[in-house]
Every structure is written in C-alpha cells, then in structure tokens.
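**Q** Dumping the structure here so I can ask a few things about it.
The values are calculated or read from the model by the stated rules, or taken from the named source; none is laboratory data. Please read these numbers as outputs of a predicted model, since none were measured by experiment. Ideal geometry is used to build each Cβ from the backbone, glycine not excepted, and the neighbour counts take in all protein chains shown. Accessible surface is based on the protein model in full, side chains and every heavy atom, while ligands, DNA and RNA are left aside. Shrake-Rupley method; radii C 1.70, N 1.55, O 1.52, S 1.80 Å.
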Amino acid sequence: MAEKEQMGFWRVARWWGGLFLALCLAGMAVPMAFAKGGAIACEGVTVPTTRPAMSGSGWGTYCVPCVLANRTFGRVPVIETLEAALTSAATEHPGTRFLYGEIGLPSGGPFPPHRTHREGLSVDIMVPLSDGAVLPTNALNRFGYDVEFDDAGEGKAGRIDFEALGALILALADEAEARGGAVRRIFFAPDLQPELMETRAGALLRDRIAFNARQSWVRHDDHIHVDFTFPCTGES
C-alpha cells in the first residue's frame, strides 16, 4: 500500500475508532453515572475512592462522558490533592485552562488501554497551553490523547505553557505532602523535559520530583502521568 494510502487509511480508522469510543462511553454513562464512589484493597485495609468535580475555577474535565463512565476515580487524598493543585495553579496562572484526564475505576483494577492506573494512585493531566488556548478534546482525537507536539512544545493546538505546567507540578507535590503523601514520579516526554526545567519551577522540580529518563510506550507529550504514594492507614 502506498504511503499516502496508508495515511488515509489510518486517518479513517482513527475517526471511526474515535466515534466508536464515544458511542461506547455514552452507552456506559447512562447506567454508571450514579456511582458515588468505590473502594480499593490496600495492605489489608479497604480505602475509599471518589472522583473530582467536573470543573472548578480555571480547570475542568477532559471528557464529560468519560467521567460519567467512571473513568476518573482515585483514592480520596489523590482526588483532594488534584483538585487543590489545579485550583492553586489556575490562581497563579489566570487565563490558563487546566484539564485533568484519565484516573481509574471506582474499585481499581485493569484500566484499558492504560498499563497502570490500577491502584487509585495515578492521574493524567493534559498539558496547559499558552495564550488562552485550550487543548482540544473530542472523540476524534481520543479526548486529547492524540494531540501532538514537537520537541519545542509546539503543535497545531498551540504551544505548551511550560511555566503553568511547572507551577502545577509543584502544587501537586505540595498538596500531596500536606496530606501525608508524595508525588512518586511523573512521566513526561523526555524531549520536552528540558523546556520544563528552564521554567521558574525548574530547579525545584529537579530536586523534588522523579521524572522518566527514557521514552515510555506512550510519548506523554499531550499529558503528564502522575504517580502518587499515600499510606493505606487513615484512608478508610
């Protein structure tokens, strides 16, 4: 098959795949939208899970049907940390819109297509954009997960706001520590990390946060993947 034909095929396949995903999520959302929370077993203790609000001041969800399909559940201190950090970063960077992404299921466990997000301790956050732009999220781009940026943080959607992203990561670390936990590591495209480290938050990020040194199976240019650690005690 010629290169142009292959590209055309994958564009069509992605479009139909996105539409199919949207229909599936819409169908799941009707019976599942009433879930208030769940629980995850953790070292012999049952810890509760919840999900963040649809939106707050300067931030919101990447996908309403995905929220209603119960794909944004995490342990209570994780969600509290997320909401507080998003609010803090949005206050520090007015005019910037922050979007949280996939988190997990109410009772944890396998979470396709992700390889992680099983323990209620992992959160995806879409990259904020400069100049008031907002990352486009719809069924055709897998709700933001197919948006692409080059190694300078530039893309068709706009430019990554590295200053705002750095502020958000520091806020996540501060809010997690305030609740007895920590940011264990962050996955972000290695070729974009130098830009992040050049921000005002960069020096602090180097000292406090562990980032992936190698490229993971997903590039993580359109979002950061955050792994938290929280003790099992005190969550039940």
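**Q** Consider residue 198 carefully, then state whether it is open to solvent by 20 Å² or more (accessible area, probe 1.4 Å), touching a His at 6+ places or on another chain (Cβ under 8 Å), more than 30 Å from residue 39 (Cα to Cα) and not hydrophobic (A, V, I, L, M, F, W, C).
**A** Working: open to solvent by 20 Å² or more (accessible area, probe 1.4 Å): yes; touching a His at 6+ places or on another chain (Cβ under 8 Å): no; more than 30 Å from residue 39 (Cα to Cα): yes; not hydrophobic (A, V, I, L, M, F, W, C): yes.
Judged against the criteria, residue 198 is not a match.
**Q** Hey, another quick one. Could you please let me know if residue 85 is in contact with a helix residue (DSSP H, G or I) (Cβ under 8 Å, 6 or more places away or on another chain), crowded, with 23+ Cβ neighbours inside 10 Å, among the small types (Gly, Ala, Ser) and more than 16 Å from residue 162 (Cβ to Cβ)? I'd like the intermediate steps shown before the answer.
**A** Values: in contact with a helix residue (DSSP H, G or I) (Cβ under 8 Å, 6 or more places away or on another chain): yes; crowded, with 23+ Cβ neighbours inside 10 Å: yes; among the small types (Gly, Ala, Ser): yes; more than 16 Å from residue 162 (Cβ to Cβ): yes.
It is true that residue 85 is in contact with a helix residue (DSSP H, G or I) (Cβ under 8 Å, 6 or more places away or on another chain), crowded, with 23+ Cβ neighbours inside 10 Å, among the small types (Gly, Ala, Ser) and more than 16 Å from residue 162 (Cβ to Cβ).
**Q** Mind checking whether some residue in region 143-166 is within 30 Å of residue 42 (Cβ to Cβ) and surrounded by fewer than 21 Cβ atoms within 10 Å (Cβ to Cβ)?
**A** For region 143-166, residues within 30 Å of residue 42 (Cβ to Cβ) and surrounded by fewer than 21 Cβ atoms within 10 Å (Cβ to Cβ): present.
**Q** Same structure, new question: Taking residue 109 as the residue in question, decide whether it is at pLDDT below 95, closer than 18 Å to residue 161 by Cβ and not charged (D, E, K, R). First the steps, then the outcome.
**A** Working: at pLDDT below 95: yes; closer than 18 Å to residue 161 by Cβ: no; not charged (D, E, K, R): yes.
It is false that residue 109 is at pLDDT below 95, closer than 18 Å to residue 161 by Cβ and not charged (D, E, K, R).
**Q** Something else: Name the single residue that is farthest from residue 46 (Cα to Cα) among those in region 114-136 being charged (D, E, K, R), part of a loop (DSSP other than H, G, I, E, B) and in contact (Cβ under 8 Å) with a residue 60 or more places away in the chain. Talk me through it step by step, then tell me what you get.
**A** Filtering region 114-136 for residues charged (D, E, K, R) gives 115, 118-119, 124, 131.
Remaining after also requiring part of a loop (DSSP other than H, G, I, E, B): 115, 118-119, 131.
Checking which are in contact (Cβ under 8 Å) with a residue 60 or more places away in the chain leaves us with 115, 119.
Details: 115: 23, 119: 12 Å.
It comes out as 115.
**Q** For region 33-82, enumerate the residues that are open to solvent by 20 Å² or more (accessible area, probe 1.4 Å), β-branched (Val, Ile, Thr), modelled with pLDDT of 95 or more and touching a Ser or Thr at 6+ places or on another chain (Cβ under 6 Å).
**A** Matches in region 33-82: 76 only.
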